[in-house]
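Chemist: So that we are looking at the same thing, I have put the structure below in structure tokens.
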Amino acid sequence: MTDALIDATARVSTGAVVGRGVSIGPYCVIGGDAVIGEGCKLAAQVHVQGHTSIGARTRVAPFTSLGGAPQSTRYRGGPTRLVIGADCDIREHVTMNIGTEDGGGTTTVGDRCLIMVGSHIAHDCRVGNDVTFANNVVLGGHVVVGDNAFLGGLVAVHQFVRIGEGAMIGGMSGIPADVIPFGTAVGFRATLRGVNIVGMKRRGCSREDIKGVWRAYRMLFHGDGTFEQRLPSVEREFAGHPLVGKIIDFIRASDHRSLMIAERAGTAGEPAEVANTGS
């Protein structure tokens, strides 16, 4: 615990590993199997249980519970894990559970994630890097969220669903099916509504790449024939396109859940935000 600043009211169990420069505030409780990376700041009333590791410089706000037992009848009490990356911002009343023996054993959250108030990450979830959850996002077990995804407030994601890289989920949406990379989804039982053009711009994607994703989306979900017929056509036409390739790979890797489809076929031409995208 070299160089750590631990409040006198905190309880840090023997066996816990606390890195240099860590700050542990009033009434925090740290279990004996916890690993707190260097420079982390646990504000107050933070509970870190089980085999939980927190990456360097992550900040944890009050009344947060990390590493609690899974809310699953299949959990048998094994030493499963929660692994949280570096430079995350975890806000008040967030809960994250360890994995289950049958689900891979580990719940993971990547680097530089912003997890806002009241969000819940269930057992065996895998959350990528640079992900943002607005207030009260809840993930069922075994959910996968790709890098740079954004989930709006009060979003609820069904167990085993995958949210693709760079996807944007509108607030108060229920997500019963897989959302393709760079897609946008919204609704009580959400449907695809288009492409996350704003998100791709912010990531510095080129004009050509954004146009390619939009056109591939139109072909996949609004083209002629069945989806099974359109998929190989898009794969051939956009061979070598890096972002469309991620969409194709995501679709072909589908396992537990069905793929979310577009609400209805559109008739408009290329939207202005695509046509005016800077390179």
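Chemist: Would you be able to tell me the number of residues in the range 15-73 that are touching a residue at least 40 places away in the same chain (Cβ under 8 Å), part of a loop (DSSP other than H, G, I, E, B) and hydroxyl-bearing (Ser, Thr, Tyr)?
Modeler: 1
Chemist: Being buried (at least 22 other Cβ atoms within 10 Å of the Cβ) and free of Cβ contacts under 8 Å to residues at least 40 places away in the same chain is the filter here, so list the residues in the range 155-164 that pass it.
Modeler: VAL155, VAL157, ILE163
Chemist: Any residue at all in the range 44-57 that's buried (at least 17 other Cβ atoms within 10 Å of the Cβ), over 21 Å from GLY99 (Cβ atoms), assigned by TED's automatic domain parsing to the domain that holds THR132 and not hydrophobic (A, V, I, L, M, F, W, C)?
Modeler: yes
Chemist: Within the range 149-179, track down each residue that is under 20 Å from VAL117 (Cβ atoms), under 12 Å from the mean Cα position of the chain (by Cα) and not aliphatic (A, V, I, L, M).
Modeler: PHE150, GLY152
Chemist: Please state which of the following conditions ALA122 fails to meet, knowing it meets all the rest: (1) surrounded by 19 or more Cβ atoms within 10 Å (Cβ to Cβ); (2) on the phi > 0 side of the Ramachandran plot.
Modeler: Tallying (1) surrounded by 19 or more Cβ atoms within 10 Å (Cβ to Cβ); (2) on the phi > 0 side of the Ramachandran plot, ALA122 fails exactly one: (2).
Chemist: Does at least one position in the range 86-93 carry a residue that is part of a loop (DSSP other than H, G, I, E, B), in contact with a helix residue (DSSP H, G or I) (Cβ under 7 Å, 6 or more places away or on another chain) and within 21 Å of GLY140 (Cα to Cα)? Working first, answer last.
Modeler: Start the filter on the range 86-93 by keeping residues that are part of a loop (DSSP other than H, G, I, E, B), which leaves 86-88, 91-93.
Still in the list and also in contact with a helix residue (DSSP H, G or I) (Cβ under 7 Å, 6 or more places away or on another chain): none.
No: the range 86-93 contains no residue that is part of a loop (DSSP other than H, G, I, E, B), in contact with a helix residue (DSSP H, G or I) (Cβ under 7 Å, 6 or more places away or on another chain) and within 21 Å of GLY140 (Cα to Cα).
A quick yes/no check of all residues on (1) on the phi > 0 side of the Ramachandran plot; (2) surrounded by fewer than 18 Cβ atoms within 10 Å (Cβ to Cβ); (3) modelled with pLDDT of 95 or more:
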site	(1), (2), (3)
VAL144	no, no, yes
GLY166	yes, no, yes
GLY170	no, yes, yes
PHE221	no, no, yes
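Chemist: Next question. If we scan the range 203-217, do we find a residue that is modelled with pLDDT under 95, surrounded by fewer than 18 Cβ atoms within 10 Å (Cβ to Cβ) and in contact with a helix residue (DSSP H, G or I) (Cβ under 8 Å, 6 or more places away or on another chain)?
Modeler: no
Chemist: Restricting to the range 73-117, and then to whatever is β-branched (Val, Ile, Thr) and surrounded by fewer than 21 Cβ atoms within 10 Å (Cβ to Cβ), can you tell me which residue is farthest from ARG57 (Cα to Cα)? First the steps, then the outcome.
Modeler: Within the range 73-117, the first condition is being β-branched (Val, Ile, Thr), and the residues that meet it are 73, 80, 83-84, 90, 94-95, 98, 100, 106-109, 115, 117.
Filter once more, keeping what is surrounded by fewer than 21 Cβ atoms within 10 Å (Cβ to Cβ): 73, 83, 95, 106, 108, 117.
Numbers: THR73: 34, VAL83: 14, THR95: 19, THR106: 21, THR108: 17, VAL117: 19 Å.
Going through the qualifying residues, I end up with THR73.
The values are calculated or read from the model by the stated rules, or taken from the named source; none is laboratory data. As the structure is a prediction and not an experimental result, all values here were calculated from the model. As a convention, Cβ positions derive from the backbone with ideal geometry for all residues, glycine included, and neighbour counts pool all protein chains shown.
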